[in-house]
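Please read the structure below before turning to the comments.
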Amino acid sequence: MKKNMVGWFEIPVSDMDRAQVFYENVFQVKIDIQDYGEMLMGWFPFTEGAEGAAGTLVKQDSYTPSHEGTLVYFMSDDVQNELDRVEGAGGKILQAKTEISPEQGNMAIFEDSEGNRVALHSMV
């Protein structure tokens, strides 16, 4: 395989404004909202050629936030940076910063403002 397997992700939301504020606060980024008629998409920042997959927040009738579904991992310099902002932004920490192994770094899991489980990964 010439490419990493994940090329795109979408995180379902019920309230785009609330989700936008949550993710902007936790990750200290700007989410660009685009209205496609029956679908709202909140685009995460993306740098062509950089490591990692691109993705969006999505509000559409066929998208339902879930605590049990697929788990998306966001890359981080240190997962504690984002974890420290989760609760203040309206989320809940589900698993504190945990070492996977010295070679594989650390991870953590939180619940976003919409009820989705989301994870973080860092080598620090």
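The values are calculated or read from the model by the stated rules, or taken from the named source; none is laboratory data. Every value quoted in this text rests on a predicted model; they were computed, and no experiment measured them. Virtual Cβ from ideal backbone geometry, glycine too; neighbours counted across all protein chains shown. Note: areas computed on protein heavy atoms with side chains; ligands, DNA, RNA excluded. Shrake-Rupley method; radii C 1.70, N 1.55, O 1.52, S 1.80 Å.
Out of the residues in the range 27-36 that are of a type in the set (D, E, K, R) and assigned to a strand (DSSP E or B), state the one that is surrounded by the fewest Cβ atoms within 10 Å (Cβ to Cβ). The extreme case among them is Asp35.
Considering only residues that are of a type in the set (Ser, Thr, Tyr) and within 13 Å of the chain's Cα centre (by Cα), which ones fall in the range 22-65? Once the filter is applied, which keeps residues that are of a type in the set (Ser, Thr, Tyr) and within 13 Å of the chain's Cα centre (by Cα), the range 22-65 yields Tyr23, Thr56.
Condition (residue is touching a Ser or Thr at 6+ places or on another chain (Cβ under 8 Å) and touching a residue at least 24 places away in the same chain (Cβ under 8 Å)) applied to the range 91-104: is it met by at least one residue? Checking the range 91-104: at least one residue is touching a Ser or Thr at 6+ places or on another chain (Cβ under 8 Å) and touching a residue at least 24 places away in the same chain (Cβ under 8 Å). Number of residues in the range 8-26 that are in a helix (DSSP H, G or I), among the β-branched types (Val, Ile, Thr) and surrounded by 22 or more Cβ atoms within 10 Å (Cβ to Cβ): the value is 1.
Mind checking which strands (runs of 3 or more DSSP E) fall wholly inside the range 37-124 and carry at least 1 residues that are hydroxyl-bearing (Ser, Thr, Tyr), touching an Asp or Glu at 6+ places or on another chain (Cβ under 6 Å) and open to solvent by less than 80 Å² (accessible area, probe 1.4 Å)? Talk me through it step by step, then tell me what you get.
Values: elements: 40-43, 54-59, 72-75, 92-101, 105-111, 117-122.
Output list reads 54-59, 117-122.
Taking the numbered list (1) over 15 Å from Glu24 (Cα atoms); (2) out of contact with any Ser or Thr (no Cβ under 7 Å at 6 or more places or on another chain); (3) not basic (Lys, Arg) in turn, Phe46 passes all entries but (1).
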